[in-house]
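**Student:** Provided herewith is a single structure, encoded as structure tokens, for subsequent inquiry.
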Amino acid sequence: MLKRLLGKTPVNVWVIKQVDSDLLHLCGRATLEASPSRKSVLAALDEGRFTGAVKMATGGVVLNAKLFQALVPADQLELLPDGQARWRERDWSLSQVPQRCWTFPGPLIAQIDPTSASGALISSEDVTAIRERVAQSTPQRPGEVVFRPENANEDDPLMTAKEETAPQTSRPKTGREWRRDGH
């Protein structure tokens, strides 16, 4: 009751990781601490300049607001029954962002969720730029790999050269690496 009188009740928001032309990558619900006041937090959200902690509803994970593109007060985004949302007087398609992507710094892509019968979308990391860099840095034709059975190095000319240059020990090898008396 005291928090309500002082205007310190937490602000419930929808967390949007990325906004595409007609798609919202939605992480889920979260709460923001109303510090210094609820009114100032709502004003910062409206202006898109909120900084601070975002406490996710699922798992209770606390993340930095800089990780997300938009934090929308709960009453300003309406979920529609057909997998869409209404926000800023416009209908958007939704893609659910799994927890592993909440802290991903790069862009996300939406794909059809294979576990959903309704054709819902799920977001994942867009790694095409990483793949392109790796493809450019690897040689066109990798070296040849030869698989041999165990102990098949006897015919290897490199191994015989190493054996010839290896120092000879004065102690004969008996097949044991230790003595029974511990010395």
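**Student:** For 123, 21, give the ranking by accessible area with the largest first, probe 1.4 Å.
**Tutor:** My answer, sorted largest first, is 21, 123.
**Student:** Taking H as built 1.01 Å from N, whose amide H comes closer than 5 Å to the amide H of residue 120, not counting residues under 5 places away?
**Tutor:** 113
**Student:** Now for a separate question. How far apart, in nm, are the 7 Å Cα→Cβ label points at residue 116 and residue 145?
**Tutor:** Distance between label points: 3.8 nm.
**Student:** Still on this structure, please answer the following. Each residue of the range 109-115 in order: what ³J(HN,Hα) in whole Hz does its phi give by Karplus 6.51 cos²θ - 1.76 cosθ + 1.60, θ = phi - 60°, with x for Gly and Pro?
**Tutor:** 10, 9, 9, 5, 6, x, 8
**Student:** Residue by residue through the range 14-25, what is 3J(HN,Hα) from phi via Karplus (6.51 cos²θ - 1.76 cosθ + 1.60, θ = phi - 60°)? Round to whole Hz and write x for glycine and proline.
**Tutor:** The phi angles translate into 9, 9, 10, 6, 8, 10, 9, 4, 9, 9, 10, 8 Hz.
**Student:** How much length would be gained if the chain were fully extended between residue 66 and residue 124, taking 0.36 nm per residue of separation minus their Cα-Cα distance, in nm to one decimal?
**Tutor:** Stretched out fully, the residue 66 to residue 124 stretch lengthens by 19.0 nm.
**Student:** I would also like to ask the following. Between residue 80 and residue 57, what length comes free when the chain is fully extended (0.36 nm per residue of separation minus the Cα-Cα distance, one decimal in nm)?
**Tutor:** Length difference between fully extended and current span is 6.3 nm.
**Student:** Might you work out the accessible area of residue 8 for me, using a 1.4 Å probe with all protein chains in place, and round it to the nearest 10 Å²?
**Tutor:** 90 Å²
**Student:** Tell me, what is the per residue accessible area of the range 1-146 in Å², probe radius 1.4 Å?
**Tutor:** Value for the range 1-146: 66 Å² per residue.
**Student:** Once ligands and nucleic acids are excluded and a 1.4 Å probe is used, how much of residue 133 is accessible, expressed in Å² to the nearest 10?
**Tutor:** Counting only protein heavy atoms, residue 133 exposes about 150 Å² to solvent.
**Student:** For the range 16-45 and the range 50-91, what is the separation of their Cα centres, given in Å?
**Tutor:** Each part reduced to its Cα centre gives a spacing of 5 Å.
**Student:** Carbon and sulfur atoms: what percent of the 1.4 Å accessible area of the range 1-122 do they account for?
**Tutor:** It is 53 percent, rounded to a whole number.
The values are calculated or read from the model by the stated rules, or taken from the named source; none is laboratory data. A quick note: this is a predicted structure, and the numbers were derived from the prediction, not measured. Note that we place each Cβ from the backbone using ideal geometry, even for glycine, and neighbour counts take in every protein chain shown. Just so you know, the surface numbers come from the protein's heavy atoms only, side chains and all, with ligands and any DNA or RNA stripped out. Shrake-Rupley method; radii C 1.70, N 1.55, O 1.52, S 1.80 Å.
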